[in-house]
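K.L.:
The structure is given below, and queries will be raised subsequently.
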Amino acid sequence: MRKVLLVILISLLFPICFAGAVSAGEKKVQMVEILNHEITVLKNLMANLSNALQQPTEFSAKAYLALNIEDNNILFEKNINEPHSIASITKLMNAVVAAENIDPNKTITISSAMLKPEGRSPAIYKGLNISAKNLMKASLTQSVNDAAESLSYFLGKKTFVAKMNQKAKDLGMNDTVFVDANGLNPANKSTASDLAKLVAYVYQKYPQLLATTKENNFWLPDNMGKLVKFYNENYFYYLPKFIGGKTGYLPEAKQNLAALFSLQGKPVAIIILNSDNTVFDALKMVTNIEKNF
């Protein structure tokens, strides 16, 4: 625990040093907001880590799976074939389809229709000409719904979602269905077993996508030219053992996670569905795996 906390505290020094170099008043205010967010993330991680180390091996999730993807050894499991709404984990399949079908440097002009989904960023606005690469970063870091939606317009919404479902079939994700490209519809469903297949595929074929999910220094200008930071919704990005992954939340789905960690030198997929606290559940798995396996 001490080693993990030390890494977290050292990581916090970097944004603090950067903040000290800012001179403009507006930028200082913005940096204070960023630091407050990072402190909140760190407090959340430390509190959940402390609880994970003290409490018994009990998880709040209705379904979960910890799987060594090198040898398919199951370390923890519960209801792994039970379908659940996956919310914004949908964006991980969105990114796969985009990576396989869209030139990352190709651009699209944002329309009103693309901005309809809730969960927007002021840096993505009507009339903006933006690359697929930047839309993907916005989608995978801050989980911006209109960014994910806009990606689907490169191919056409129906075609894009159809490709998401076809890819699921290709990967043997037989209990998975997508009805939109952004994850807002609770009818986007999958299982812990299926999502482990998706995480393994991304790790093997598109490790850059997992690297993007850890990124915490992505900015774009708004329509007034002011740079806007995209806050990473994945609170694990401070942890060296976190390879990457995607979170998701809807009231109907509760908290969800599809992620990959390096544990005991092995890539371990940790899938958590319908949880009251994915950070606690994931850290509980991580600490138990490192201690007992």
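K.L.:
Taking Ala147 as the residue in question, decide whether it is within 17 Å of the chain's Cα centre (by Cα), under 25 Å from Asn232 (Cβ atoms) and not basic (Lys, Arg).
P.N.:
Yes.
K.L.:
If you don't mind, another one. Taking segment 216-228 as the search range and keeping residues that are within 25 Å of Asn44 (Cα to Cα) and modelled with pLDDT of 95 or more, which one is farthest from the chain's Cα centre (by Cα)?
P.N.:
So the residue we want is Trp219.
K.L.:
For Met93, are the conditions met, namely being assigned to a helix (DSSP H, G or I) and touching an Asp or Glu at 6+ places or on another chain (Cβ under 6 Å)?
P.N.:
The answer is no for Met93.
K.L.:
Could you tell me which residue of segment 99-136 is surrounded by the fewest Cβ atoms within 10 Å (Cβ to Cβ), considering only residues that are in contact (Cβ under 8 Å) with a residue 40 or more places away in the chain, under 20 Å from the mean Cα position of the chain (by Cα) and in a helix (DSSP H, G or I)?
P.N.:
Glu100
K.L.:
For segment 253-279, how many residues are over 14 Å from Tyr235 (Cβ atoms) and either outside any strand (DSSP E or B) or outside the structural domain of Ile74 (by TED's automatic domain parsing) (or both)?
P.N.:
Count: 4.
K.L.:
Answer yes if at least one residue in segment 185-205 is within 17 Å of Asn94 (Cβ to Cβ), of a type in the set (Phe, Trp, Tyr) and outside any helix (DSSP H, G or I), and no otherwise.
P.N.:
no
K.L.:
Could you tell me whether any residue of segment 154-177 is aromatic (Phe, Trp, Tyr) and more than 19 Å from the chain's Cα centre (by Cα)?
P.N.:
Scanning segment 154-177 turns up at least one residue that is aromatic (Phe, Trp, Tyr) and more than 19 Å from the chain's Cα centre (by Cα).
K.L.:
Consider segment 175-194. How many of its residues are surrounded by fewer than 22 Cβ atoms within 10 Å (Cβ to Cβ), more than 20 Å from Leu115 (Cα to Cα) and either touching a helix residue (DSSP H, G or I) at 6+ places or on another chain (Cβ under 7 Å) or outside the structural domain of Ile74 (by TED's automatic domain parsing) (or both)?
P.N.:
Going through segment 175-194 one residue at a time, the tally reaches 2.
The values are calculated or read from the model by the stated rules, or taken from the named source; none is laboratory data. Everything numeric here is computed off the predicted structure, so don't read it as measured data. With ideal geometry, Cβ positions are generated from the backbone for all residues, glycine too; neighbour counts draw on all protein chains shown.
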